[in-house]
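The block underneath contains the structure these notes are about, expressed in structure tokens.
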Amino acid sequence: MEILLRPVSTLAPSLISDLISDLDAISPWSFTLGPPIQNLNHAYLPDRGQFDADGILVHLLNEINDQGKVIGLIDVDLCTPVLSFVFGRAQLGGRVAVVSTFRLDNRFYRLKPDPGLLIERLKKEIIHEAGHLGGLYHCRNRWCVMNASASIVNIDLKGFKFCPACLNYLKERGNNGP
Amino acid sequence: MSCPFLEEVVVRYCNAYPVKKLIPASDYERTGICHGNFQECPIYKEWQSAIGEREDKMEEKLCIWAKLGVVSYRVCTQNYNCASCEFDQMMRSGRYGESALILQAMEKLKSLPADQRVCRYMLSGDISYKICSNNYECWHCEVDQMIQDRMEYHPAYRRRKRLYQQIKGIRLAPARAYTANHLWILKTGKDKVRVGIDDLAQSLLGSIRNFEFQNRRLMIETEKGKVMIPTNISGDRIEVNQVTKDQPEKINRDPYWNWLAEIRNPRYEVNLIEWEKAEEWLKKELEALEEFSRDEIGVAVSDGGKFSKSLLAQLDRQSWHRMVVRFLKGGEDN
Ligand code: SF4
Ligand code: SF4
Ligand SMILES: [Zn+2]
Ligand SMILES: [Zn+2]
């Protein structure tokens, strides 16, 4: 399965290129860099000062052309109508997903910036959302990358890997093993 | 050998009396050791009252929970410092469930003589001493009001709020059974239950203005309009909680303490979700809530965040209506 990564232009290109080679190595999918997302204004919610994750998904869906899947990478705070914030959101078994670096960055928690840690977290979240696109729901295994993360601590706890059950599910649906 | 003039006598004396007055054994048989009425003896009297006190103290040393008959026997080793007592915390937390226990204790208290009917907040260590003069009708008592107000903001009381489990920002109260459409039921007597709405329902409905039970349905009037929720419960008598009726905003503050009605001999037309299964059930409900998304997207899943009252109640009209139908199995009442 091919997955196109579409970052916003404000995300450092060096961050993205490192990311892609790593992701290919540790996940069952192959990632390529797509055109940047131009504009997020349509998804901005002035009342909340945040961006509507579903609004961004709709935008990505409208711009999709071939049969592939797309994950948007953005750097602003995401939310949904019912949740106070989200790290990411995806169509279950669908074609588009989005991940935000906003709350993955140590600076959000008033901690010393740590670029290495940020990349690590971002990779986990991208693989996690890709898992949703592959049809996986959240997993109860705390170490599995498909575990739902309510806070940044959960993200740091889990690994990059799928647990055997999740991996099995993906294989049965034709995703190649890593 | 001994002198023949020496007479040998067996004597007794009173252990308590300061002067050891010897009394020949022959006299003792006749008059008693103290030559008088021992009940009148000051030393005896003092001793007697000391024993009495000791016995009283033993009685007092019984754990409050044992006195109330909630546990069968327990002696207090903490000098009634219940606020820092682990046993007390255990009794009021987790699987025992605070409310049911306190309610049970209150039932016992009601049957005691007036001067022993201590305020329920003594049991929880919130106040040091108070006799209830209000027949345990806490819902219109200023003591209750004061404590509840303090709980809102005082750090020492916030701790107790944790007695409610929180799942992604939605509170779940112990000891209750729940219905699939987010009502709770708490047994408060042999044939009595209290009914209320849970925190998810409260968050979704937003500011509650009024409510009314109408023939197995519950009408709730909110900032968004009127909603009809099926209760699927009938009973011999449904008595509305006048306090929440008069101050419905209390339901939003704490939907578990502020019940809506008391029902006698309840009969259920639906299966209840027992407390042991409630957490699992609520988690599933919240997952379903997270999946709610715009029509174009279909089912979507997200990572992170908490639900909040303000968010749910502020949904646009159409999504809000969909949620009321899905989660409360209700409809709008025009
Ligand atoms: S301190 Fe513990 S043992 Fe003593 S009365 Fe309180 S709960 Fe009972
Ligand atoms: S009615 Fe008032 S005094 Fe009596 S138990 Fe309740 S809160 Fe305490
Ligand atoms: Zn898994
Ligand atoms: Zn997820």
Exercise for review: Output the residue which, of all residues in segment A:164-178 that are assigned to a loop (DSSP other than H, G, I, E, B) and surrounded by fewer than 19 Cβ atoms within 10 Å (Cβ to Cβ), is nearest to ligand 2 (Cβ to nearest atom).
Suggested key: A:Arg173
Study note, to complete from the structure: Exactly one of B:Asn271, B:Asn258 is more than 14 Å from chain A (Cβ to nearest Cβ), open to solvent by less than 50 Å² (accessible area, probe 1.4 Å) and out of contact with any Gly (no Cβ under 6 Å at 6 or more places or on another chain), and that one is B:Asn258
Review point. Does A:Ser21 satisfy the condition of being hydroxyl-bearing (Ser, Thr, Tyr), surrounded by 20 or more Cβ atoms within 10 Å (Cβ to Cβ) and away from chain B (no Cβ under 13 Å)?
Key: no
Exercise for review: Check segment A:107-120 and report whether any residue there is under 24 Å from B:Gly169 (Cα atoms) and touching a strand residue (DSSP E or B) at 6+ places or on another chain (Cβ under 7 Å).
Suggested key: no
**Study point:** Unmet requirement for A:Glu120, which otherwise passes all of (1) within 16 Å of ligand 4 (Cβ to nearest atom); (2) at pLDDT 90 or above
**Key:** (1)
Practice item. Determine, yes or no, whether A:Ala53 is in contact with a helix residue (DSSP H, G or I) (Cβ under 6 Å, 6 or more places away or on another chain) and within 13 Å of chain B (Cβ to nearest Cβ). Key: no
Review point. Any idea how many residues of segment A:81-113 are open to solvent by less than 10 Å² (accessible area, probe 1.4 Å) and modelled with pLDDT under 90?
Key: 2
Review point. Which residues, counting only those in segment A:78-137, are touching a residue at least 60 places away in the same chain (Cβ under 8 Å), under 17 Å from A:Glu2 (Cα atoms) and part of a loop (DSSP other than H, G, I, E, B)?
Key: A:Gly134
Exercise for review: Scan segment B:281-324 for residues that are in a helix (DSSP H, G or I), within 7 Å of chain A (Cβ to nearest Cβ) and open to solvent by 10 Å² or more (accessible area, probe 1.4 Å) and jot them down.
Suggested key: B:Glu290, B:Leu311, B:Ser319
Exercise for review: Evaluate the following for B:Gly206: is it of a type in the set (Gly, Ala, Ser) and modelled with pLDDT under 90?
Suggested key: yes
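The values are calculated or read from the model by the stated rules, or taken from the named source; none is laboratory data. Quick caveat: nothing in here was measured; it's all calculated off a predicted structure. Don't worry about glycine lacking a Cβ; one is built from the backbone with ideal geometry, like all the others, and counts go over all protein chains shown. Side chains included, ligands, DNA and RNA excluded: accessible areas come from the protein's heavy atoms. Shrake-Rupley method; radii C 1.70, N 1.55, O 1.52, S 1.80 Å.
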